[in-house]
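A.B. asks: Quick one: structure below, then a few questions.
The values are calculated or read from the model by the stated rules, or taken from the named source; none is laboratory data. As the structure is a prediction and not an experimental result, all values here were calculated from the model. Because the Cβ atoms are built from the backbone with ideal geometry, glycine has one as well, and the counts that use them run over all protein chains shown.
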Amino acid sequence: MKNKKQKHSLEYREKICFLLELTKPYKEHERFLNAMILGSSDLTQGEGVNLLSVHGSKGLEYKEVYVVDLMDGRFPNRKLMQRGGSLDEERRLFYVSVTRAKDILYLSYAKYDKVKKQNFVASQFLYEAGLVPKDEAYRKMAMQDEDKED
């Protein structure tokens, strides 16, 4: 029993030391937390899984890339677009995200959220890329975008 506790204590100390080592380049804890959440090139090298925002992935490449949440309203992010962002900027971010893959690219979107009981439509970028057949939902999206431009 004592050996098990000592082993856990040692593992705990090693994790704390590792965490302290990660914080060294940052003078402010907010910057460290931001790097942990959004990704930083210092922290995104090596083997394993890297969870990054599209902005955090700029300039980096990976063998496999998963781009999730490709539903209209989320990507493109319509709320950001209402606050001054543009569809063209969202399209550039989509391009950045899909060009991070060296070998394999996975794109995914939900059709339905069981918790919120909400239906979703695929991102217009998936339609534009020919990955989802253009249907009535796409035509409605396109008409809304045209109305906003007028």
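A.B. asks: Of the conditions (1) surrounded by 13 or more Cβ atoms within 10 Å (Cβ to Cβ); (2) hydroxyl-bearing (S, T, Y); (3) closer than 15 Å to L131 by Cα, Y106 clears all except one; give me its number.
C.D. replies: The one condition Y106 does not meet is (1).
A.B. asks: While we're looking at this one, here's another question. Could you tell me whether Y95 is in contact with a Lys or Arg (Cβ under 6 Å, 6 or more places away or on another chain) and either closer than 25 Å to K58 by Cβ or part of a helix (DSSP H, G or I) (or both)?
C.D. replies: no
A.B. asks: Here's another thing I want to ask about it. Taking the options M81, M71, name whichever one is surrounded by 11 or more Cβ atoms within 10 Å (Cβ to Cβ), in the same structural domain as V132 (by TED's automatic domain parsing), at pLDDT 85 or above and not polar (S, T, N, Q).
C.D. replies: The match here is M71.
A.B. asks: Same structure again: Would you point out the residue of the stretch 55-68, among those that are crowded, with 16+ Cβ neighbours inside 10 Å and modelled with pLDDT of 85 or more, that is nearest to K140 (Cα to Cα)?
C.D. replies: That would be V67.
A.B. asks: Write out, first by first residue and then by second, each pair whose Cβ atoms fall under 6 Å of each other, whose residues are 6+ apart or on separate chains, and whose first residue, in the stretch 2-25, is within 21 Å of M36 (Cα to Cα) while the second is surrounded by 10 or more Cβ atoms within 10 Å (Cβ to Cβ).
C.D. replies: Hits for this filter: T23/F32.
A.B. asks: Sticking with this structure for a sec: Would you confirm whether or not the stretch 110-121 contains a residue that is surrounded by 13 or more Cβ atoms within 10 Å (Cβ to Cβ) and within 26 Å of V49 (Cα to Cα)?
C.D. replies: yes
A.B. asks: Turning to a different aspect of this structure: Please state which one of E14, E30 is modelled with pLDDT of 85 or more and of a type in the set (D, E, K, R).
C.D. replies: E14
A.B. asks: Could you list, in sequence order, all residues of the stretch 6-38 that are hydroxyl-bearing (S, T, Y) and touching a His at 6+ places or on another chain (Cβ under 9 Å)?
C.D. replies: T23
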